[in-house]
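Chemist: Dumping the structure here so I can ask a few things about it.
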Amino acid sequence: MTQPIQLAGWAVLASCLFLMPALPELANIVAIAGMVIGIPLLAIDLRSGKRLTAAEWIVVAASLILLAVLLPTIGSADDAVVLLALAPLPLSIPLAALLARLEDRLTLRTIATLALLGTAVAAGITGYDVFVRGIRRGGYLTMNPIHMADIAILLALLSFAGILEGEWRKRLIFLAGPVFALLAVLWSGSRGPLLAYIGLAGFSVLFATAIALPSRYRRPAVLSVFFLFVAVGIHGLSTGWLGQIRGVDQFLNLAGGNIADVDGSTRIRLQLYEGAWLAFLDSPIFGHGADFVAAADARVAGNISGWEHLHSDLADFAALGGTLGLIAYLAVLAAPLVAVLRRRPPHNALVYLGMTAGLGVLAMGLTNAIFGILTLTVLFSLMLALMFRMRATA
């Protein structure tokens, strides 16, 4: 029985980390099947005396909050889709029980290698769309380009973690993951993921610098790198080249109050966010449940109906669950870091993943939904499961 269970665990990892950019529906099916297989395994673990970790309890509490605000508003099968789309989050706990059966073979190097291959697939698909099919935005071959870019970034985080432990010269290959991801983001033409990538790249450089140097050099080195980024940013703003980057231009227009200069896509997003804010103000504690998009639509000038979400996780959870929804959202983002901080001594690569998993989803979720998009929710849930149970062996 052990071998089939382990094969199921490997199938989930290979599907989500390697094949997801090319076969997202298959990856979702395999991952959800793995979560279901993990339910009796979790029951066995609990009966044998194992307890849920603090991070797992955080996910349980957040899921119960979301269930409490959503369940009373479920009036049709369409409404129930909201619950089903968020189901992978609590199911990350039984998935962790399944992955724990891989024992010592569930190593950081294995995860980083699969994620590196996944970023290569993402770059290959977006490049094929742009240079062979002649499509302006790559990724449509298998999914929405924005989702492709988001997947590539999450996989790049897992790949980069592979270089943070052990002899770094032997692990430079894992730097190819962020490079492939950058190509996928650029070829996808996705502005929100590009801004998130820039921020995460800066954080990753600072983190790697901090752990690579002796303690007496860390603070001056980190400060030097930080001020270098600031200097580059100031130079980019003063000379104008920074404002020519697609996505940055819209951000600068908004920051400068030049609403009239934003493009149509950004203008639609502003309407959606305004509707979410007004819906939040009308029900600041419990939100509007499964009818959150209609609630936002009813409170803003212009027609924003027809959308499945409000193009921002913050907007979605604020309109969906009010303050309770936002608490649940932020708790889920904090869970990966809570999971890895329990290890003593701290494991640098896992601490990096725990921080960037939450920060990355927060950054990407500012301009487009992550949670509720099944493929992205499944991938984040897999990262949660890895943080819950992956051993600190590189």
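The values are calculated or read from the model by the stated rules, or taken from the named source; none is laboratory data. Quick caveat, the model's predicted, so the values are computed rather than measured. Cβ coordinates were reconstructed from backbone atoms using ideal geometry, including for glycine residues, and neighbour counts include every protein chain displayed. Just the protein is used for accessible areas: all its heavy atoms, side chains included, with ligands, DNA and RNA removed. Shrake-Rupley method; radii C 1.70, N 1.55, O 1.52, S 1.80 Å.
Conditions tested, residue by residue: (1) more than 14 Å from residue 23 (Cα to Cα); (2) in contact with a helix residue (DSSP H, G or I) (Cβ under 8 Å, 6 or more places away or on another chain).
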residue	(1), (2)
116	yes, yes
124	no, no
132	yes, no
135	yes, yes
141	no, yes
148	no, yes
154	yes, yes
159	yes, yes
162	yes, yes
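Chemist: Here is a follow-up. Read through the list (1) open to solvent by less than 30 Å² (accessible area, probe 1.4 Å); (2) under 30 Å from residue 287 (Cβ atoms), then give the number of the only condition that residue 65 fails.
Modeler: (1)
Chemist: Further, regarding this structure: Return yes when residue 227 is modelled with pLDDT under 80 and in a helix (DSSP H, G or I) and no when it is not.
Modeler: Taking the combined requirement at face value, the residue satisfies it.
Chemist: If I ask for residues that are open to solvent by less than 50 Å² (accessible area, probe 1.4 Å), of a type in the set (Val, Ile, Thr) and in a helix (DSSP H, G or I), which ones from the range 94-121 would you list?
Modeler: 110, 111, 119, 121
Chemist: Among the hydroxyl-bearing types (Ser, Thr, Tyr), open to solvent by less than 60 Å² (accessible area, probe 1.4 Å) and touching a Phe, Trp or Tyr at 6+ places or on another chain (Cβ under 6 Å): is that true of residue 142 in this structure?
Modeler: Answer is no for this residue.
Condition check ((1) within 25 Å of residue 25 (Cβ to Cβ); (2) among the β-branched types (Val, Ile, Thr); (3) in contact with a strand residue (DSSP E or B) (Cβ under 8 Å, 6 or more places away or on another chain); (4) surrounded by fewer than 20 Cβ atoms within 10 Å (Cβ to Cβ)) across all residues:
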residue	(1), (2), (3), (4)
319	no, no, no, no
329	no, no, no, no
342	no, no, no, yes
358	no, no, no, no
383	yes, no, no, no
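Chemist: Is one or more of the residues making up the range 200-214 modelled with pLDDT under 75 and part of a helix (DSSP H, G or I)?
Modeler: Looking through the range 200-214, at least one residue is modelled with pLDDT under 75 and part of a helix (DSSP H, G or I).
Chemist: A further question on this structure: Return the residues of the range 184-199 that are within 18 Å of residue 313 (Cα to Cα) and touching a Gly at 6+ places or on another chain (Cβ under 6 Å); say none if nothing qualifies.
Modeler: Matches in the range 184-199: 191, 194, 195.
Chemist: Which count do you get for residues in the range 1-56 that are without any contact (Cβ under 8 Å) to a residue 40 or more places away in the chain, part of a loop (DSSP other than H, G, I, E, B) and open to solvent by less than 70 Å² (accessible area, probe 1.4 Å)?
Modeler: Of the residues in the range 1-56, 1 are without any contact (Cβ under 8 Å) to a residue 40 or more places away in the chain, part of a loop (DSSP other than H, G, I, E, B) and open to solvent by less than 70 Å² (accessible area, probe 1.4 Å).
Chemist: So for the range 350-362 (the condition being at pLDDT below 90, on the phi < 0 side of the Ramachandran plot and not polar (S, T, N, Q)), does at least one residue qualify?
Modeler: no
Chemist: Which of the residues belonging to the range 57-70 are in contact (Cβ under 8 Å) with a residue 60 or more places away in the chain and among the hydrophobic types (A, V, I, L, M, F, W, C)?
Modeler: Listed by number, the residues that qualify are 58, 59, 61, 62, 65, 66, 68, 69, 70.
Chemist: Return yes when residue 91 is crowded, with 20+ Cβ neighbours inside 10 Å and either at pLDDT below 95 or part of a helix (DSSP H, G or I) (or both) and no when it is not.
Modeler: Answer is yes for this residue.
Chemist: Considering (1) in contact with a Phe, Trp or Tyr (Cβ under 8 Å, 6 or more places away or on another chain); (2) part of a helix (DSSP H, G or I); (3) crowded, with 24+ Cβ neighbours inside 10 Å, say which one residue 195 fails and leave the rest.
Modeler: Of (1) in contact with a Phe, Trp or Tyr (Cβ under 8 Å, 6 or more places away or on another chain); (2) part of a helix (DSSP H, G or I); (3) crowded, with 24+ Cβ neighbours inside 10 Å, only one is false for residue 195: (3).
Chemist: Within the range 311-341, how many residues are under 24 Å from residue 265 (Cβ atoms) and more than 17 Å from the chain's Cα centre (by Cα)?
Modeler: Total satisfying the criteria: 3.
Chemist: So, one more: For the range 297-320, give me each residue that is assigned to a helix (DSSP H, G or I) and within 17 Å of residue 366 (Cα to Cα).
Modeler: Matches in the range 297-320: 313, 314, 315, 316, 317, 318, 319, 320.
Chemist: Is it true that residue 271 is open to solvent by 30 Å² or more (accessible area, probe 1.4 Å), in a helix (DSSP H, G or I) and either modelled with pLDDT under 75 or of a type outside the set (A, V, I, L, M) (or both)?
Modeler: Judged against the criteria, residue 271 is a match.
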